[in-house]
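The values are calculated or read from the model by the stated rules, or taken from the named source; none is laboratory data. Nothing here was measured: the structure is a model prediction, and the numbers come from that model. Cβ sites come from the backbone with ideal geometry, for glycine too, and all protein chains shown count toward neighbours.
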Amino acid sequence: MLTHTTTQIIAKEGWNQSLVALMFFILSYTLSFVPWFFFAIFLVTLFVYRNPERVCEDEDEFSFIAPCDGRVIEIQKVALKDGSQKLSVVIQKSIFNVGILRAPMALSILETHKRNGLSLPRSSALSFKLSEKNTLTCKGRFGDVKLVLRCGMWSQKMELLKSIGPLKIGQRFAFLNEGDVTLLLPLDARLKITLNDDVKAGTTVLGYFDYKGHDDK
């Protein structure tokens, strides 16, 4: 089932949790039972499900931006099952990073493949085989791109706001509490980020596609 988070200050995926936290706070205040503790939980819930507006730091048409908030933990060339090779950029996000994911470039989602699974920490040897995962196969102006979204230990059920069709750069397309996002890019993409850099979805430019052969398009 698709949700439709747009520009609400609190993402719809967190409305139920925020309401429950508020009710516990009201009850604790009424009973004079550590209301400060439940008020703190309510504030943390609002923080976890915040949905801020973002402005990209560079409007270059050849640039691509971070799909999620977090830290760059892996950059390498990888071989896919179809024999092709891609440049892999993995961003790990904590539960305290903004959960809304954004399109890294203008693209069209051609296919979405979901693997139901568990919520396991990335450090677990079984996480790559058993964790819940969504793989989005996309077509961009500069080539084929894949997005792999993997749930972490503290993640709730992953939500796709759009599972097929076009996305504008920076458009919200999914919600992920905690986990990691892998961006698989053409090999000629030039990165401006390095390992352990902190990035923000919809704002941080990760790099640029090759200008050669695209100047007249």
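Only one of the listed residues (CYS138, CYS151) is at pLDDT 95 or above and either surrounded by 14 or more Cβ atoms within 10 Å (Cβ to Cβ) or over 12 Å from the mean Cα position of the chain (by Cα) (or both). That residue is CYS138.
Which one of these is closer than 30 Å to VAL145 by Cα and in contact (Cβ under 8 Å) with a residue 60 or more places away in the chain: GLU61, GLU57? The match here is GLU57. Only residues that are part of a loop (DSSP other than H, G, I, E, B), among the charged types (D, E, K, R) and over 14 Å from the mean Cα position of the chain (by Cα) were counted in region 55-85, giving 7.
Taking the options GLU74, GLU61, name whichever one is at pLDDT 95 or above and charged (D, E, K, R). Can you show your working first?
Values: GLU61 fails: at pLDDT 95 or above.
Exactly one of GLU74, GLU61 is at pLDDT 95 or above and charged (D, E, K, R), namely GLU74.
Counted as qualifying within region 99-196 are the strands (runs of 3 or more DSSP E) with 2 or more residues that are within 18 Å of ILE73 (Cα to Cα) and of a type in the set (Lys, Arg), namely 143-151. A count restricted to region 86-98 and to residues that are out of contact with any Pro (no Cβ under 7 Å at 6 or more places or on another chain), in a loop (DSSP other than H, G, I, E, B) and buried (at least 21 other Cβ atoms within 10 Å of the Cβ) stands at 1. When the test is whether a residue is of a type in the set (Asp, Glu), exposed (fewer than 13 other Cβ atoms within 10 Å of the Cβ) and either within 28 Å of LYS114 (Cα to Cα) or not assigned by TED's automatic domain parsing to the domain that holds PRO104 (or both), ASP69 does not pass it.
Is there a residue being in contact with a helix residue (DSSP H, G or I) (Cβ under 6 Å, 6 or more places away or on another chain) and either over 27 Å from LYS192 (Cα atoms) or not small (Gly, Ala, Ser) (or both) anywhere in region 48-68? Yes, there is a match, as at least one residue in region 48-68 is in contact with a helix residue (DSSP H, G or I) (Cβ under 6 Å, 6 or more places away or on another chain) and either over 27 Å from LYS192 (Cα atoms) or not small (Gly, Ala, Ser) (or both).
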